[in-house]
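The values are calculated or read from the model by the stated rules, or taken from the named source; none is laboratory data. As the structure is a prediction and not an experimental result, all values here were calculated from the model. Don't worry about glycine lacking a Cβ; one is built from the backbone with ideal geometry, like all the others, and counts go over all protein chains shown.
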Amino acid sequence: MATYVCLLSIFLCSLQGIERFQAREIQTFIEETEQRQGDAAWMIHLTSLRRQQRLERMQSAEQIYPPLASDHTNEKGTARPAQVSLRPSAPVIAPPPPPSPPLQPTPRSSSSFSESASASASSSVQSATGFPAFGHTVYPVSRVPNWGAMRSPMEWNRPYSQLEREDFVRLPPYNLQVLRMPLTTLVDPILPENIPILTAKLTYSTRYYGAYDLDAGEFTGMHPGIDLKLAFGTPLGALAGGRVYAVNKDAALGLHVIIEHRLPQGETFFSIYGHLDVASVREGQDVRPGQAIGNVGMTGNTTAPHVHLQVDRDDGERPHQRYWPAGMPSRAEADRHTMHPLEFIRRYSAADQA
């Protein structure tokens with residue numbers, strides 16, 4: 001009995017020591033945060049550190065969505081040779097022209113965010129087959145917070161409803177040459193000419209099949225889409241006309257919406273919007289290009305408000321499961337299952353596709 005009491009005492013003392021150590025660590029972090037409120041470089045470094053921690057968690061976790069059998073093996077289970085790339089890595093993809101009049105922030109209950117939605121405010125047009133017309137593609141947002149100009153957590157953490165018109169800038173171009181510029185060369189000190197670059201790097205925080213690193217390019221990680229860093233509660237528009245295929249919630253993408261798009265040429269795509277706070281559409285609902293489908297949140301595996309944007313090709317199976325590789329795919333393998341979301345927007349942006 002005395003032995004058990006002794007062991008229990010040692011265990012409790014160890015717990016108390018751990019708690020005191022954790023308390024000191026937390027207090028040190030709080031004091032450092034208070035001292036460096038205006039240090040944007042430190043805030044950006046902290047963001048990169050959190051993203052790296054997220055990557056480590058994802059690498060150690062079991063894959064929720066295994067790849068299709070055809071991803072890396074043939075019918076006999078043997079490895080298939082890699083195919084040649086079907087497209088270049090990524091051109092400079094320009095955003096839409098600035099809206100007129102300038103965007104005014106609206107409450108989270110707003111029924112629309114994209115200006116293209118107001119241009120398509122009429123009821124959903126049906127194609128000859130009865131499926132909603134594809135119409136044309138639009139960006140899910142047209143303006144984003146000017147992240148590079150913000151200097152404190154108080155500014156960074158404001159929800160969409162608390163941002164003013166002057167806090168927004170036009171959606172930056174997706175330019176890999178700019179996005180891969182080393183962060184360390186842009187923040188010490190932060191010069192006025194570097195602010196647009198910082199805003200672009202933070203907005204496109206994870207690139208197409210990119211690693212969770214703000215300096216990474218494409219095909220450096222297993223991320224089959226892009227992440228757009230946006231303010232919590234930002235309304236998102238549908239990339240094109242179609243029908244809501246599913247509204248789901250899981251541990252990875254949290255609350256997410258999947259929309260089916262059928263092109264007049266016969267191709268079918270699925271656009272996926274992850275980590276939502278609120279979904280404003282329901283399964284089976286027809287949507288127009290730019291129609292609000294939900295608000296940016298932090299559900300699922302995320303360290304900050306953002307939307308995971310992904311475009312899958314139709315694999316012929318129902319129900320459709322979003323594609324996520326178990327290992328790093330070749331460009332050809334990725335192209336068989338997905339399309340770069342911004343390339344999808346660029347390719348089908350001409351009006352009256354239907």
For segment 189-203, indicate whether the set of residues that are under 15 Å from the mean Cα position of the chain (by Cα) and touching a residue at least 60 places away in the same chain (Cβ under 8 Å) is non-empty.
-> yes
Please specify each residue of segment 231-280 satisfying the condition of being farther than 19 Å from GLY130 by Cα and among the aromatic types (Phe, Trp, Tyr).
-> PHE232, TYR273
Answer yes if at least one residue in segment 255-272 is farther than 21 Å from PRO224 by Cβ, free of Cβ contacts under 8 Å to residues at least 12 places away in the same chain and over 18 Å from the mean Cα position of the chain (by Cα), and no otherwise.
-> yes
Given (1) closer than 23 Å to GLU267 by Cβ; (2) part of a strand (DSSP E or B); (3) within 14 Å of the chain's Cα centre (by Cα); (4) not hydrophobic (A, V, I, L, M, F, W, C), number of the condition ARG243 does not satisfy | (3)
Please determine, by comparing only the residues of segment 301-322 that are touching a Ser or Thr at 6+ places or on another chain (Cβ under 9 Å) and of a type in the set (S, T, N, Q), which one is nearest to GLU267 (Cα to Cα).
-> GLN310
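Results for (1) surrounded by 17 or more Cβ atoms within 10 Å (Cβ to Cβ); (2) of a type in the set (Gly, Ala, Ser), shown as yes or no for each residue.
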site: SER142; (1), (2): yes, yes
site: ARG165; (1), (2): no, no
site: THR185; (1), (2): no, no
site: LEU202; (1), (2): yes, no
Say whether the condition of being polar (S, T, N, Q), surrounded by 18 or more Cβ atoms within 10 Å (Cβ to Cβ) and either at pLDDT below 95 or not in a loop (DSSP other than H, G, I, E, B) (or both) is met by at least one residue in segment 119-127.
-> yes
Given (1) out of contact with any helix residue (DSSP H, G or I) (no Cβ under 6 Å at 6 or more places or on another chain); (2) crowded, with 18+ Cβ neighbours inside 10 Å, index of the condition ASP314 fails = (2)
Complete set of residues in segment 277-310 that are in contact with a helix residue (DSSP H, G or I) (Cβ under 9 Å, 6 or more places away or on another chain) and among the β-branched types (Val, Ile, Thr) = VAL296, THR302, THR303
Could you figure out which of (1) over 30 Å from GLY242 (Cβ atoms); (2) of a type in the set (S, T, N, Q); (3) surrounded by 21 or more Cβ atoms within 10 Å (Cβ to Cβ) isn't true of THR206?
-> (1)
Has segment 241-249 got any residue that is touching a Phe, Trp or Tyr at 6+ places or on another chain (Cβ under 6 Å) and of a type outside the set (Ser, Thr, Tyr)?
-> yes
Take HIS308 and decide whether it is touching a strand residue (DSSP E or B) at 6+ places or on another chain (Cβ under 6 Å) and within 21 Å of SER142 (Cα to Cα).
-> yes
Does PRO173 satisfy the criteria of being surrounded by fewer than 17 Cβ atoms within 10 Å (Cβ to Cβ), under 18 Å from the mean Cα position of the chain (by Cα) and either of a type outside the set (Asp, Glu) or farther than 26 Å from VAL311 by Cα (or both)?
-> yes
Show the residue pairs that are 6+ apart or on different chains and have beta-carbon atoms under 8 Å apart, the first residue being within segment 136-161 and within 30 Å of THR268 (Cβ to Cβ) and at pLDDT 95 or above, the second being of a type in the set (Lys, Arg) and assigned to a helix (DSSP H, G or I).
-> THR137/ARG346; THR137/ARG347
Check segment 263-272 and report whether any residue there is part of a loop (DSSP other than H, G, I, E, B), buried (at least 19 other Cβ atoms within 10 Å of the Cβ) and touching a Lys or Arg at 6+ places or on another chain (Cβ under 8 Å).
-> no
Of the residues in segment 323-334, those that are surrounded by fewer than 22 Cβ atoms within 10 Å (Cβ to Cβ) and either under 23 Å from ALA238 (Cβ atoms) or polar (S, T, N, Q) (or both) come to TRP324, SER330
Is segment 287-303 home to any residue that is over 19 Å from the mean Cα position of the chain (by Cα), over 19 Å from TYR212 (Cα atoms) and surrounded by fewer than 22 Cβ atoms within 10 Å (Cβ to Cβ)?
-> no
